Every structure is written in C-alpha cells, then in structure tokens.
Amino acid sequence: MKTFKFPARHGYSVEMSPFFPTRLACATSQYYGIAGCGTLLVLEQTETGIALVKSLDWSDGLFDVTWSESNEHVLVTGGGDGSLQVWDTDNPEPRPLQVLKEHTQEVYSVDWSQTREENLVVSGSWDGTAKVWDPSCGGMSLCTLQGHEGVIYSTVWSPHIPGCIASASGDGTLRVWDVKTGRCRLVIPAHKAEVLSCDWCKYDQNVVVTGAVDCSLCVWDLRNIREPLSRLLGHSYAIRRVKFSPFNQTVLASCSYDFTVRLWDYSRHEQPLLEMLEHHSEFVCGLDFNLHIPNQVVDCSWDETVKIYTPSCLATPPQSAQ
C-alpha cells in the first residue's frame, strides 16, 4: 500500500487520470471543510510511493474533482463558495483558467462527460440544482436541472448514453435526467435517508448503484425500480461514495464515515461482501478505480492521507455466483 500525507488538509475526493496510469488528483479542504481554504493536489504514483506534482490553492474548501476527458492537463473542482474552478496543470500560474459561478451554495459534485459526442461538465450543489457546463464556451451554464427537494450530493454522467445524468440527493431519491430537454426522466425513491453517492455500471446502461446515510448500498435496474436488484448491508455509518469497477461488471467499492472501504460483488447473493479494509483513522470520503491498472484502488480520508492499493480480493478475479 502506498500513502501520501498532506498535513492540515482533509481529503474529500480523489480521481485517477483517464490518460496516465500513474497520475491522480485529490480535492482537499482545511478544517474539515467547515472553514478555511482548499487545495487541489496533483499526485504521481511512483514505484515506491506517491509524489506531489503540483499543489493548487483555492480560497474556499474543495469537495470534488474530475479530470477532463479531452485534455490530459485539465481538471475541474467544486468549491464551498458555489463555484467550479477549471485548472490546467501546465499553466505556470497557480490560479484557475476559469471560475464558473452560478450555484448559490456549496458545489459538492463535479463530473466530466464520458461519451464521445460531448465535452461537458455537470455540477451538483447544496442549492438543490445540477448544472451542465461547456468549459470551452466561457462562463454561463448550458442548462439547470431542477426537481430535487433536497441538496444534491452526487451527479454522474452515463458512460453509455449521451446527454444522460444520474443524481443523488438528500431528498432520498435517485433521478435520471435528459440534458437535451432539461427534464427528469426517472425518479427512484432509493432510500428512506439522504443519498450521498451514485454511480453507473460500466457494462450495463440500465444499472446504477446508490449509497446512503442508512448505511446501505442499493443496486438498481432502471427498467424495474420497484425493488433494487441487490441491497448491500455491512457499513455501520453513512456511505460517502460508491464506484463500480471498470474491470468487472458486478464488482463495486464503497467508502464510509465508518472509516472503512468495502469491496462487493452484488451477483453473490449469499455473501456479496468480498473484503473490508480498515486503513484510515477518519471518515473515508474519496474513492476511485484505476482505469489503466486492473483492480488498483485509490482513496482519500479526513485523516490527511491518500492511499493506493490492490485489494487482495481483486488480486485474483472473484468467482461470480452461478
């Protein structure tokens, strides 16, 4: 396991580069995001550890980060001041290329579209709206998605369907949106608690996972939303982030305020939990899979560390339930 320590900064989100197998970025905040500034850490995985490439400061806490899918040097972060910051790691000036400001409260989620037809960013905010942006077209959003009755914690583009976004909210719902019309296509009452995270299956355009304050993950088939395909129990506090594996259709990871990271295979109905990792001493808020190195996972925590590792359960491919 490789560890990078960043004193006086609390990790909120971490994402591996879609271009470089050893490059990653972490969004952090001072004072647990309650006050103070934020720092975007650009990191490089080496043979022996993790090295700092660049440290970029912002005047408010940073809660999420996403890499551009079209330019290997560009990233977007979401801040506590309601703005999105567009950064270029090649820029010698330690300031954003652009600041996109329309949200009226914290931006808790940012995601760059993954389908070829688009080069767009979606943001989700505590003001209850999601907004779609084209960073190449300047400062105004393309559309605002309204309908949630609580704060938005998570916004994720479908990797399969152009112009399609899933969002998770404090109102307990998962919503699916059509960006072209700006309308909500589907509302799923996913949990009887705040939903803090969602993610699309990389292999099936109809499957989405949610993670919530009720300590459960639910895997949904959007064609039949009366009951989840699977309900994964085991965490003892709120689930902060969920991610599907890019290498196995039914494997996913979750991290939680219970200080753990857990790996699951939802096709194993009797024993879906593959592994529990307890290597942090505070809330684990950020989580991602490496797209280039199969089954490598990165996470970040309020304990001021980023960790990179391959869970032992993924070192050999898990056997799916028959």
Q: At 0.36 nm per residue, minus the direct Cα-Cα distance, what do LYS5 and ILE34 gain on full extension? Give it in nm, one decimal, please.
A: 8.4 nm
Q: Compare the peptides 152-164, 76-88, 222-234 by average per-residue count of other Cβ atoms within 10 angstrom and give them in order, highest first.
A: 76-88, 152-164, 222-234
Q | Cβ-defined net charge surrounding GLY36, 15 Å radius [Lys, Arg +1; Asp, Glu -1] | A | -4
(Q) Report the Cα centroid-to-centroid distance between region 292-308 and region 81-155 in angstrom, as an integer. (A) 24
(Q) Within region 1-131, count lysine pairs with alpha carbon atoms under 26 angstrom apart where the residues are 8 or more positions apart or belong to different chains. (A) 4
**Q.** Listed peptides 307-313, 171-177 by packing density, highest first (mean Cβ within 10 Å)
**A.** 171-177, 307-313
**Q.** Net charge, ASP221 excluded, C-beta distance under 11 Å - Lys, Arg +1, Asp, Glu -1
**A.** 0
Q.
Let me see the P(r) profile for the chain: every Cα-Cα distance counted, bins of 20 Å, each bin given as a percent of all pairs.
A. 36, 61, 4
Q) Among ALA168, ALA51, ALA27, whose mean-square fluctuation peaks in a Gaussian network model of the chain (Cα, cutoff 10 Å)? A) ALA51
Q. Around THR173, which amide H atoms from residues at least 5 apart in sequence, or from another chain, sit under 5 Å from its own amide H, with H modelled in the peptide plane?
A. ALA190, VAL195
Q. Sorted by accessible area (1.4 Å probe), largest first, how do ASP57, ASP299, ASP221 line up?
A. ASP57, ASP221, ASP299
Q) Given a cut-off of under 8 Å on Cα pairs at least six residues apart, what relative contact order in percent is computed for region 90-230? A) 15
Q) From the Cα gyration tensor of region 121-275, with a ≥ b ≥ c the square roots of its eigenvalues, which class applies: rounded if a/c is under 1.5, or else prolate if a/b is larger than b/c, or else oblate? A) prolate
Q: Assuming a ≥ b ≥ c are the square roots of the Cα gyration tensor eigenvalues, decide whether region 52-91 counts as rounded (a/c under 1.5), prolate (otherwise, with a/b larger than b/c) or oblate.
A: oblate
**Q.** Cross-link reach list, aspartates and glutamates versus LYS307, counting only Cα pairs under 20 Å and skipping chain neighbours closer than eight places
**A.** GLU15, GLU44, GLU47, ASP64, ASP258, GLU275, GLU278, GLU282, ASP288, ASP299
Q) SER109's amide H: which non-local residues (gap 5+, or another chain) put their own amide H closer than 5 Å, with H modeled 1.01 Å from N in plane and none for Pro or chain starts? A) GLY124
Q: Output the relative contact order of the chain, whole-number percent, from Cα pairs under 8 angstrom with separation of 6+ residues.
A: 13
Q | Cα shape, region 1-102, gyration tensor, a/c 1.5 rule | A | oblate
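The values are calculated or read from the model by the stated rules, or taken from the named source; none is laboratory data. Small disclaimer: the values here were computed from a predicted structure and weren't measured. Methodologically, a virtual Cβ is constructed for each residue, glycine included, from the backbone with ideal geometry; neighbour enumeration extends over all protein chains shown. Just so you know, the surface numbers come from the protein's heavy atoms only, side chains and all, with ligands and any DNA or RNA stripped out. Shrake-Rupley method; radii C 1.70, N 1.55, O 1.52, S 1.80 Å.
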